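**Student:** Dropping the structure in here first, questions after.
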Amino acid sequence: MSNLERRYRTLLKVLPGWYRRDREEEMVGIFLTERTDELDLEHSWPGWGETGAILGLAVRTHLAAGAALTSVPAKVVWRGEVVRALGMLGLLLGVFYATAAVVNVVAAYGGPQRAGLDWWRVLELGPLVAFGALLGGRRTLAKVAAGAPVLLTLVALGQPEYAFAWSVFHVPSWVTFACLCLGFHREAPTPPARRLLWWGGGAVVLGVLGGVAAGVGLLAVGLITVVTRVVAFVRGDAVLGRALSLFAVLQLVPLLFLVVEGSEVLATALAVLLVLTAVLPVRRRSKAAPQVG
């Protein structure tokens, strides 16, 4: 085995085992078809284009969806659905934050002191753009817009008075950005727009509440997460249940900030409920079928 072949096989290890068992030999053969020079075989490396293609294939095979891939294990399909569901939940949370930011800006600009509008506040609208773009099937635009809160945190590093708060409250945004980029690949289904528009409207309403009364909207989001998790458990929706469990974990970080700020009783009680939401089973045990998760 040449060094180049060994490097190709090492690169292919990013693919899941079930896919490599069927395709590894074929793929290595294709890669090496025109690489016949002895010096090339000993000292060359896989090209950047080939590496990028393999990494993209790794995402699509680890988070499989649709009929593009055959013989996909059930747990792989389930994992992809959970990642996409978590991405949508995080994006709805981003819509909540963006709406609250708009309310804050309107209140500040229309107040007695008429505070100026900083340019970086535009980045806070990223989740609203991402939500609409994703429902419209424009995935690249959605992923770029979802990355705006990540840039906002970098901007906050230059303003120490905001750095800690923004970093805490935008942890879910980072996870959302990762889930959107990984889960909604080109073979993944487009989210159902009609159903999610209702959820988006609810996030906007909560955002208005959060903008008017700081902290109240976030507590409401946590409570809705707990209630929806119970509904998913009753309905036997293991995908949504697992996504909500992970989403509950993400909300614990901002809740700790509220505890520090003085909302100890309500925030602590909700934190306990979110911990239970995260650790309880996602569906009832059944003798006929093994439990997922």
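The values are calculated or read from the model by the stated rules, or taken from the named source; none is laboratory data. Predicted, not measured: the structure shown is a model, and the values here were computed from it. Glycine gets a Cβ as well: all are built from the backbone with ideal geometry, and neighbour counts include every protein chain shown. Keep in mind that these areas ignore ligands, DNA and RNA; they rest on the heavy atoms of the full protein, side chains included. Shrake-Rupley method; radii C 1.70, N 1.55, O 1.52, S 1.80 Å.
**Student:** So if I check each of 236, 158, which one is at pLDDT 85 or above, out of contact with any Leu (no Cβ under 9 Å at 6 or more places or on another chain), open to solvent by less than 70 Å² (accessible area, probe 1.4 Å) and over 14 Å from residue 87 (Cα atoms)?
**Tutor:** Answer to the selection: 236.
**Student:** Go through the stretch 36-62 and give me each residue that's farther than 14 Å from residue 13 by Cα, touching a residue at least 12 places away in the same chain (Cβ under 8 Å) and hydrophobic (A, V, I, L, M, F, W, C).
**Tutor:** Once the filter is applied, which keeps residues that are farther than 14 Å from residue 13 by Cα, touching a residue at least 12 places away in the same chain (Cβ under 8 Å) and hydrophobic (A, V, I, L, M, F, W, C), the stretch 36-62 yields 41, 45.
**Student:** Looking at (1) open to solvent by less than 60 Å² (accessible area, probe 1.4 Å); (2) among the aliphatic types (A, V, I, L, M); (3) in contact (Cβ under 8 Å) with a residue 12 or more places away in the chain; (4) in a helix (DSSP H, G or I), which is the only condition residue 223 fails?
**Tutor:** (1)
**Student:** Quick check, is residue 90 modelled with pLDDT of 85 or more, open to solvent by less than 30 Å² (accessible area, probe 1.4 Å), not in a loop (DSSP other than H, G, I, E, B) and not hydrophobic (A, V, I, L, M, F, W, C)?
**Tutor:** Judged against the criteria, residue 90 is a match.
**Student:** Go through (1) on the phi > 0 side of the Ramachandran plot; (2) at pLDDT below 70 and name the single condition residue 166 misses.
**Tutor:** (1)
**Student:** Continuing with the same structure: Quick test of your reading of the structure: residue 210 fulfils all but one of (1) under 17 Å from the mean Cα position of the chain (by Cα); (2) crowded, with 17+ Cβ neighbours inside 10 Å. Name the failing condition by number.
**Tutor:** (1)
**Student:** Here's another thing I want to ask about it. List pairs: first in the stretch 264-293 and under 20 Å from residue 227 (Cα atoms) and open to solvent by 40 Å² or more (accessible area, probe 1.4 Å), second at pLDDT 85 or above and outside any helix (DSSP H, G or I), Cβ under 6 Å, 6+ apart or cross-chain?
**Tutor:** Close Cβ pairs (under 6 Å, with a partner that is at pLDDT 85 or above and outside any helix (DSSP H, G or I)) amount to 283/236.
**Student:** Specify which of the listed residues (64, 115) is outside any helix (DSSP H, G or I), modelled with pLDDT under 85, open to solvent by 20 Å² or more (accessible area, probe 1.4 Å) and of a type outside the set (D, E, K, R).
**Tutor:** Checking each option against the conditions leaves just 115.
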